[in-house]
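Bear in mind these aren't lab numbers, they're just calculated from the coordinates by the rules spelled out. In this text the structure is predicted, and so the values were computed from the model without any measurement.
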Amino acid sequence: MFDCLRTHLTYANVTATLALFVALGGASYAATRLPAHSVGTTQLKNKSITKAKLSPKLLAQLKGKVGPKGDKGDTGARGPAGTAGTGGGINGIAAGGDLSGTYPNPSIGAGKVTTSKFAPNAVAPDSSLLGGKDPSQYFQGVGRSDGVSAGAIASSGVFSILTIPSTGEIAVNCVNPAQAEVVYKNTSGSDERVFVDDGSGAAPTFVEALSNGSSTNPVSSATGAGSAKHATFLVKSGLGNVSVVDVFETVNSGGGCFWFVSHYGQGYF
């Protein structure tokens, strides 16, 4: 056996074995026999202590305050242009402002067209029409005159002096009998629009809707013999049927009243 070992022993083998033994033995000695406070600046190699070897407390002590903000760096070079996007669409998007609805076919919103939005010289295509009709058609038909009539009333009381078919009637009254009164009564079966001119020079009275069977307020003269009253009634009934009636009534000196009435045709207003 020794002959076998002797045969394989060389200088290199022996040297390597001794070096290993010394290294292991020295490390063990250093780890177990190193005196306290024996490692100082001299024993430590430069840059041999890493951050991981430092305690958190020491790291906190080594951390300083945040320094002032540095100067702004130079603007970098412009980057390359991006890829072109796809074309946007407005279909289905809600319209705003004076428009309502959605694109692509919004409409003008209700109540958005005011007087201020018209140009000073703006003219509507149908501005010459009245109610959709040409002015020449505003008063239609030849019209007719139902003539005139006159009569006398001996005492006070309401007397019908003119009946207009499907429209109404004119009635006069002698009050006391020293005052003349004239009224118009609606007998058309529906509401009528009535203008009443009492002959005083004041603006005519307008009754927007005189119901069927109702009468206008009396148009009265002054009291006393010789007092007179002239009244004009313009009545619009049905589908534009118009009647114009002139009434003149006076108080007689001997009592009673005298009246005169004229009715001018019927047309369409």
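In this structure the amide hydrogen of A95, modeled in the peptide plane, comes within under 5 Å of the amide hydrogens of G101, T102, Y103, none closer than 5 places in sequence on its chain. The lysines whose alpha-carbon is closer than 23 Å to the alpha-carbon of K47, local same-chain residues fewer than 8 away aside, are K57, K63. Per-residue Karplus couplings for region 191-203, computed as 6.51 cos²θ - 1.76 cosθ + 1.60 with θ equal to phi - 60°, are listed in order as 5, 10, 9, 10, 9, 10, 9, 8, x, 7, x, 6, 4 Hz, Gly and Pro entered as x. For region 57-113, the mean projected area of the C-alpha convex hull, equal to one quarter of the hull surface, is 12.4 nm². Counted residue by residue at 0.36 nm each, then reduced by the alpha carbon distance between them, the extension gain from Y103 to S160 reaches 13.9 nm.
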